[in-house]
1. Please enumerate the residues belonging to the stretch 147-176 that are open to solvent by less than 40 Å² (accessible area, probe 1.4 Å), within 18 Å of the chain's Cα centre (by Cα) and more than 20 Å from residue 206 (Cα to Cα).
2. Looking at (1) in contact with a Cys (Cβ under 8 Å, 6 or more places away or on another chain); (2) surrounded by 15 or more Cβ atoms within 10 Å (Cβ to Cβ), which is the only condition residue 179 fails?
3. Could you check the stretch 52-90 and list, in sequence order, the residues that are surrounded by 13 or more Cβ atoms within 10 Å (Cβ to Cβ) and hydrophobic (A, V, I, L, M, F, W, C)?
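The values are calculated or read from the model by the stated rules, or taken from the named source; none is laboratory data. This is a predicted model, so every value here is computed, not measured. All Cβ positions, glycine included, derive from the backbone under ideal geometry; neighbour counts span all protein chains shown. Note: areas computed on protein heavy atoms with side chains; ligands, DNA, RNA excluded. Shrake-Rupley method; radii C 1.70, N 1.55, O 1.52, S 1.80 Å.
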Amino acid sequence: MKAGTNMKIAGKTVLVFVLLSITMVMTLAGSNIMSMTVGDSSVLTCLIKGQVSMLTWTITPKVGDPCTLVYRIDTNTTYRANCSDNINLTFRAGLAPALEIQQVEIAQEGIYLCDVASTDGNFRRMYNLTVLAPPRLSLYCDEQGSPVCEAAVGKPPAQLSWGPESSSTAEEEHHDNRTVTVLSKFTACSTNVSNVTTCMVFHPAGNWSQSIACCPSEKNSFFLHIGIITCVLIIITLLAAICYFKLHSDRLCHKTKPPEIAPIHSQQDDTMEVEPYTTYVQKENVIYNSVSDLTVGQNLPQDLCLET
């Protein structure tokens, strides 16, 4: 039972989707499809039959709120709601009012519907406006020396191609304003082909191309290898010279100092130091012997004679 209910719901959903798709296709089939490039200006006209009494423009952008412009012929008044300053009615002699878009922006992409009320009835004209943003092309060499091509902020995404041909795959980065940046890297660099590569950009707003020389040729590759080998040899020579001078300077700085010679203490110096004391003792002994002889000869006490 539950499965049957789910099948009925799914069937109704598919039917609604098909009806909406048919309605959209029929609506777009009766509209005027037009494209504008960012910054361009254009004038949109209405379908006029009979004498017009009121004209209404309804603008439904893909993003944002709708805009309404109403003009009444009898009162010569204009009513506008939620419309940008660059969207206005323009009045030309002998012609019905038209809608003028000055310097169109991406945000103004959408459906533009004009309803006219006249003495012959009601008439409608629809425009499906697409706004193109041409990409900014840049071509440069990356760190590995490979060409890189970038088509920035384009709408719709740009198509990139290389010359000579390459099996490179493009990467896309989507932005909030519905523009897309496409990046492609040339992967066929070889010494057998020319070192000049060309990036070609294809876009509804126009086609561009740029060339650059990134890939090394056979001759450039030879000189590159010679240059690398020369640099390595120079570096090795400098390092060897630095090591040699460093070792040589260390040997000069670490020479052994001469040994300190202890002062020689000769026997003559000892004799010279002892001689004054010996002379003094000898003199004292002579005096003592003389006094001793005198006291003995006179039978005097030695202590007394010494005091005198």
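1. 147, 148
2. Every listed condition holds for residue 179 apart from (1).
3. Listed by number, the residues that qualify are 52, 54, 55, 57, 59, 67, 69, 70, 73, 83, 87, 89.
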